[in-house]
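Written out below as structure tokens is the structure these notes cover.
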Amino acid sequence: MSSTRRPTSRSVRRTAVAATSAALAGVLLAACGSGGDSGSGTTGSGPVHIKVWAWYPQFKQVVAEFNKTHKDVQVDWVQAGVGQDEYTKLKTALKAGQGAPDVVMLEFQELPTIQLTKGLLDMGKYGANDDKGNYVDWAWKQASDGDHVYAIPVDGGPMAMMYRADLFKKYNLKVPTTWAEYKEEAAKLHKADPNAYMTDFGSDETAAGWRQGLTWQAGSRPYTYSASKLPDIGVKLNDDNAKKVYEYWGDLVKNKLVDTQSYATTDFYNGLSSGKYATYIAAGWGPGYLSSVAAKTSGKWRVAPLPQWTAGGNAQGDWGGSSFSVTSQTKHPKEATEVARELFGTSQAAWKIGIDQAYLFPLVNPILNGAYFQDKKYDFFGGQQINKVFVPAANGIGTFDWSPFQDFAYNTDTSEVGKALQGQTDWSSVNDNVQDQVTSYASKQGFKVSK
Amino acid sequence: MSLLRQQGPAPAVTPSTVPAEGVGTPATGRGRRRTGRQSAHTRHQAMGLMLVTPFGLLFAAFLVAPLAYAFWLSLRTSTLVGGDHFSWFANYQQTFTDPHFLAGVRRVVVFGLVQVPIMLGLALLGALIIDEVSSKLAKVFRMTLFMPYAVPAVIGALMWGFLYSPTFGPVNSLSHALGTGKIDLLGHSLMLTSLGNIVTWQWTGYNMIVLYAALQGLPREVYEAAKLDGAGQIQTALRIKVPMISSAMVLTLMFTIIGTLQFFTEPRVLEPTASSVITPDYTPNLYAYNLAFQYSEFNYSAAISFSLGAVVFIGSYLFLFATRKRSGLK
């Protein structure tokens, strides 16, 4: 599929096989997968090997820790790509019927999608319900459906505002507590330095979760979905709260108070480290991300709570976060469940690696509320105990349902936001357009949609 | 095949026919010779079959079978909730009323109408120049123009992505220095131009070499005759050389049209940097890819791919038909 634009005589055929490549890729992927997945097969005695797909680099030490403390089960770790790349591989392997790992790292918003294709094992049958009380309520609810447990939460993304204390001081800006103040300060900053922006409006697909998190904070709950109530689903992407958020950011964009670079591009990283952006609105894992892409600005950042829509409010939103699921292709459901539960679980040693090196934001209560995490000082943030901001934010996040077609919803949202950014449509019509497309897609897929 | 049959009786066959001729009557001899010939023929066929088999097997395994499977997929409909069922041509019906697909086709056609003539014009100009000038400089020129083709398309697109960058790109530094304001090369209005530039950069050299090779194959006497008739260099180029390599031009044009309709790599690479412009349905191929791998709609994706294949097939057939005189395919 890579270089389709090559004028050889094979081109004609190549077009026709574009779809075939889909099928072929599946076969090939499965082949690649099964080549290395000897892990899940055991002969006679010896420990059971469980293959795990996860993407943060520091995971190596977590696996080492697990393997050191477990005799009968050993983890074989594979880095199968970050986020969407991994999901693409997973979906293809699930479709192909082989090649999926035993345990896979998934973001919360992907769970219903993969679960609907019968790709996930119900860990509730293997004792995972015992962990229920250990985890933050909203996270456990996203990972389970009643007594069916489809994932064990690991880290979350409670949102907050990171800001450049030095720039705020230089331009005499006040740390905003409401979105109205945020806009005022944005105008003040841009007036003082036309090359500086209050932040970057994430307009791309990787930022779709960011936009969702902000509407989440504003009170929007677009989906009402539970796998046990199929084919019913409620879709409401254009309520007043969602519209309020999009029009607010649309207004900032139109007045050029925020930049519109795609997230995860070199230009964006550069903006974070060069002082072009004075704030970075991100999630609990954001400090780790920021300190790696903007390492040279160490000590200049601080964290403040997310600005509120009503002064004095305490509305929060979440962006991202991950969990461990067991796939339906596993041959060792019991051991795989054990791995998903105990890779991090309540292990102090694993979490120390997770917190100190991977900047994971724990969703497991003993660690989240433990003194080690809450009191930790971060040099990158000038010694601030940033979790004193993030932990209350995590506790303020309400329940939230995802749709089982989240990729489609995110892509549609990205396309419509793109059109508004390019001036092709009005910002006030974005949510309505997304709603129309997503509901018609859902109906076509056989859901009974209530709007 | 007829050529093979004439060359038929290979040395290995002769010994069996020779003794027969020595002993038998003319009639039997003739008869035997006939059988001898037949067996040679069958043996020959077997040989041919054997030689063709490796290719045939690979062809069947990696082209025919996947194509058949994809076609079978495209006749089914599978929904997230409703399950999987045979739906005949419903997917195709949907394809040709799907605004995303149609918009993509329209986009690549518009793109091709502008980009293809520019690129092939440049390629022809380059070929005529290096054909005329035979100095060392011409060789350097030829190499330089051809070089981008040696760069993998993905790397090329990534590189241009950096050059277009609003922060690091030279174009923006230049426009900034001149005070002409920001030029958003990755914005909605300039995206097709920017993509066209990448494609032109990558493929002009390749097409130039094809045309140059055709020019090199022309008989030199014709130029002499033209010179004696008083034709200048430009006249020779336009009136003699260009018409004589028209079949090569049709060939390059045809490959380019096919490549354009299948446009995929460059928009795919620039998608993360300019996702507000390059939507998942930007080109038909990109749309098929996203349908399959992001939304798991393998069936509809297969139908889109076959539909695109049909568009390409009909398009190239019509093109070849229209240019049959020029291309020498009549």
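The values are calculated or read from the model by the stated rules, or taken from the named source; none is laboratory data. Keep in mind that what you see is a predicted model, and the values were worked out from it rather than measured. Cβ: placed from backbone, ideal geometry, glycine included. Neighbour counts: every protein chain shown. When the accessible area is computed, the model is the full protein with side chains, heavy atoms only, and any ligands, DNA or RNA have been set aside. Shrake-Rupley method; radii C 1.70, N 1.55, O 1.52, S 1.80 Å.
Just the residues that are outside any helix (DSSP H, G or I) and more than 19 Å from A:D72 (Cβ to Cβ), please, taken from the stretch A:345-366.
Passing the criteria: A:T346, A:Q357, A:A358, A:Y359, A:L360, A:F361, A:P362, A:L363, A:V364.
Show the residue pairs that are 6+ apart or on different chains and have beta-carbon atoms under 9 Å apart, the first residue being within the stretch B:59-71 and within 13 Å of B:F298 (Cα to Cα) and more than 7 Å from chain A (Cβ to nearest Cβ), the second being part of a helix (DSSP H, G or I) and open to solvent by 50 Å² or more (accessible area, probe 1.4 Å).
none
With the structure loaded, tell me whether A:D76 is within 17 Å of A:Q406 (Cα to Cα) and surrounded by fewer than 23 Cβ atoms within 10 Å (Cβ to Cβ) or whether it fails that test.
Answer is no for this residue.
Can B:I198 be described as within 14 Å of chain A (Cβ to nearest Cβ), in a helix (DSSP H, G or I) and open to solvent by less than 20 Å² (accessible area, probe 1.4 Å)?
yes
Is it true that some residue in the stretch B:272-279 is in a helix (DSSP H, G or I), among the β-branched types (V, I, T) and either touching a residue at least 12 places away in the same chain (Cβ under 8 Å) or surrounded by fewer than 24 Cβ atoms within 10 Å (Cβ to Cβ) (or both)?
Checked the stretch B:272-279: no residue is in a helix (DSSP H, G or I), among the β-branched types (V, I, T) and either touching a residue at least 12 places away in the same chain (Cβ under 8 Å) or surrounded by fewer than 24 Cβ atoms within 10 Å (Cβ to Cβ) (or both).
For the stretch A:143-166, give me each residue that is touching a Ser or Thr at 6+ places or on another chain (Cβ under 8 Å) and either more than 20 Å from A:I386 (Cβ to Cβ) or without any contact (Cβ under 8 Å) to a residue 60 or more places away in the chain (or both).
If the condition is that a residue be touching a Ser or Thr at 6+ places or on another chain (Cβ under 8 Å) and either more than 20 Å from A:I386 (Cβ to Cβ) or without any contact (Cβ under 8 Å) to a residue 60 or more places away in the chain (or both), then A:A143, A:D145, A:G146, A:H148, A:Y150, A:A151, A:I152, A:P153 are the ones that fit.
Take the stretch B:261-280 and flag every residue that is facing chain A (nearest Cβ under 8 Å) and not aromatic (F, W, Y).
B:L261, B:Q262, B:T265, B:E266, B:P272, B:T273, B:A274, B:S275, B:S276, B:V277, B:T279, B:P280
Looking at the stretch B:89-97, is at least one residue without any contact (Cβ under 8 Å) to a residue 24 or more places away in the chain, closer than 23 Å to B:I258 by Cα and not in a helix (DSSP H, G or I)?
yes
If I filter the stretch A:231-250 for residues that are within 22 Å of A:V438 (Cβ to Cβ) and under 18 Å from the mean Cα position of the chain (by Cα), do I get at least one hit?
Within the stretch A:231-250, none of the residues are within 22 Å of A:V438 (Cβ to Cβ) and under 18 Å from the mean Cα position of the chain (by Cα).
Would you mind telling me which numbered condition in (1) surrounded by fewer than 12 Cβ atoms within 10 Å (Cβ to Cβ); (2) within 24 Å of the chain's Cα centre (by Cα); (3) not β-branched (V, I, T) B:G104 fails?
(1)
Would it be correct to say that A:D102 is closer than 26 Å to A:Q61 by Cα and open to solvent by 10 Å² or more (accessible area, probe 1.4 Å)?
Criteria not met by A:D102.
Of the residues B:G181, B:G169, B:G217, which single one is open to solvent by less than 10 Å² (accessible area, probe 1.4 Å) and among the small types (G, A, S)?
Only one candidate qualifies: B:G169.
Go through (1) away from chain A (no Cβ under 14 Å); (2) assigned to a helix (DSSP H, G or I); (3) open to solvent by 10 Å² or more (accessible area, probe 1.4 Å) for B:A127 and report which single condition fails.
The number of the failed condition is (3).
With respect to A:K388, is the statement that it is basic (K, R), in contact (Cβ under 8 Å) with a residue 40 or more places away in the chain and farther than 30 Å from B:I278 by Cβ true?
Criteria not met by A:K388.
Residues are listed down the side, and each one gets a yes or a no for (1) open to solvent by 50 Å² or more (accessible area, probe 1.4 Å); (2) over 30 Å from A:L230 (Cα atoms); (3) more than 10 Å from chain B (Cβ to nearest Cβ):
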site: A:Q357; (1), (2), (3): yes, yes, yes
site: A:G370; (1), (2), (3): no, yes, yes
site: A:D375; (1), (2), (3): yes, yes, yes
site: A:K388; (1), (2), (3): yes, yes, yes
site: A:P404; (1), (2), (3): no, no, no
site: A:T412; (1), (2), (3): no, no, no
site: A:Q422; (1), (2), (3): yes, yes, no
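Need a quick list: helices (runs of 4 or more DSSP H) entirely within the stretch A:226-338 having at least 2 residues that are of a type in the set (F, W, Y) and crowded, with 21+ Cβ neighbours inside 10 Å.
Fully inside the stretch A:226-338 and qualifying: A:240-254.
Tally the residues that are hydrophobic (A, V, I, L, M, F, W, C), surrounded by fewer than 18 Cβ atoms within 10 Å (Cβ to Cβ) and within 21 Å of B:E271 (Cα to Cα), restricting the search to the stretch B:141-166.
Here the count works out to 7.
Listed here are the residues, each with its yes/no results for (1) away from chain B (no Cβ under 14 Å); (2) surrounded by fewer than 23 Cβ atoms within 10 Å (Cβ to Cβ).
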{"residue": "A:D85", "(1), (2)": "no, yes"}
{"residue": "A:T92", "(1), (2)": "no, no"}
{"residue": "A:D137", "(1), (2)": "yes, yes"}
{"residue": "A:D145", "(1), (2)": "yes, yes"}
{"residue": "A:P153", "(1), (2)": "yes, no"}
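Is it true that A:I397 is crowded, with 19+ Cβ neighbours inside 10 Å and part of a loop (DSSP other than H, G, I, E, B)?
When the stated conditions are applied, A:I397 passes them.
Give just the number: which of (1) within 9 Å of another protein chain (Cβ to nearest Cβ); (2) in contact (Cβ under 8 Å) with a residue 60 or more places away in the chain does B:A292 not satisfy?
(2)
For the subset of the stretch B:232-259 comprising residues that are among the polar types (S, T, N, Q) and surrounded by fewer than 22 Cβ atoms within 10 Å (Cβ to Cβ), which member is nearest to the other protein chains (Cβ to nearest Cβ)?
The residue in question is B:S247.
Could you tell me which residue of the stretch A:438-451 is farthest from B:P99 (Cα to Cα), considering only residues that are more than 10 Å from chain B (Cβ to nearest Cβ) and under 24 Å from the mean Cα position of the chain (by Cα)?
Here the residue is A:T439.
Could you grab the pairs with beta carbons closer than 8 Å, sequence gap of 6+ or different chains, first residue in the stretch A:428-451 and hydroxyl-bearing (S, T, Y), second one surrounded by fewer than 20 Cβ atoms within 10 Å (Cβ to Cβ)?
These pairs meet every condition: A:S428/A:E247; A:S428/A:G250; A:T439/A:V449; A:T439/A:K451; A:S443/A:V449; A:S450/A:T224; A:S450/A:D232; A:S450/A:G234.
Within the stretch B:295-315, track down each residue that is more than 7 Å from chain A (Cβ to nearest Cβ) and among the small types (G, A, S).
Listed by number, the residues that qualify are B:A303, B:S307, B:A310, B:G315.
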